Amino acid sequence: MDSRQEISEYLRSRRDRIGPEQVGLAVGTGRRVPGLRREEVAVLAGVSSEYYRRIERGVLSGVSEEVLAAIAHALRLDDAETAHLFDLARAARRPRRVPGRPDGGRPRPGIQRLLDAITGAPAWVRNERMDVLACNPLGRAIQSEVLDSPIARGNGARFVFLDPRSRIYYPDWERGADDIVATLRTYTGRNPADRVLTGLVGELATQSPEFSTRWAAHNVRYHRTGSKRIVHPLVGELDLEFEALELPADPGLTLFTYFPVPDAVTPERLALLGSWTATSAAPAASAADADADAADAGAADAGRA
């Protein structure tokens, strides 16, 4: 990704969405832009017009954090948008390469033990490429459509934009699609040299017009808490809330857990899904134990021979 172009398009998109009346400027007549003019942003940020034009062209050498903060304030950026501007600026000054973890981002064994210790609630770990990497049993059941989809291959973004079943699984598909693109924008701003991540973006942009349109909007958002409605093939509709916790010891990995909205239906259905998961897992565990016993017996016979 061209960092200068990213900065330029991002600042223009933020400028276009703010009308002069929102910042106390006279509207006047004959305006040719949907939002603020560059000169108006410069005035609000306390810099010269030429200096702001240079910044909006993506030339950030020598631009201080104080100036970036003033521009963020002038454009009324929220926390996620401001952080994204600083990430883009950092990448433009000192591009860094992210080679990717050799294990593909697989969580440490301790993370899996943590997930398994969470009972009664779905929990899983995702990386910044939207890959589901590890789950507890109930999390596996909730993510089954993503994990079992030959199109998604365990990737939540591919599932939403490339697998038609996602529109059934997520009744609020439009909102979820907006959230995924805004979150991916945040991640790519943070790690613009991650070739796997940018490759995913390119794949989705070429195969999904819905993704491409949203990507061009340059919206960014933190995905730390919220609600989700899904229609599970086994138990039907579930109204859930979620919390997302970044794992400091494993940069780039986030733990998600869902819990039911306290209504009359979802807790019961989630408990039913948990019972089904436990029941279906029991035969598999028994078969594995039987195989292990058979192997031990075979080894013992060989030893006696």
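Throughout, read-outs are computed from the coordinates displayed, never taken from laboratory work. All values reported here derive from a predicted model rather than from experimental measurement. Positions of Cβ are backbone-derived with ideal geometry, glycine not excepted, and every protein chain shown enters the neighbour counts.
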Next on the checklist: If I take all pairs of Cα atoms in the chain, what percentage of them are more than 38 Å from each other?
Outcome noted: 29
Checklist entry - In percent, how large is the relative contact order of the chain, given Cα pairs closer than 8 Å and 6 or more residues apart? => result 15
Next on the checklist: Once the convex hull of the alpha carbons of segment 226-274 is built, what does its volume come to per residue, in cubic angstrom?
Outcome noted: 91
Checklist outcome for this item: Ranked on Cβ counts within 10 Å of their own Cβ, fewest leading, Ile168, Ile180 go Ile168, Ile180
Checklist entry - If contacts are Cα pairs under 8 angstrom and at least 6 residues apart, what is the relative contact order of segment 169-243 in percent? => result 35
Checklist entry - Relative contact order of segment 146-293: what whole-number percent is it, with Cα pairs under 8 angstrom and at least 6 residues apart? => result 15
Checklist entry - Using a basic spin-label model with each label point 7 Å from the Cα along Cα→Cβ, how many nm lie between His73 and Leu247? => result 3.9
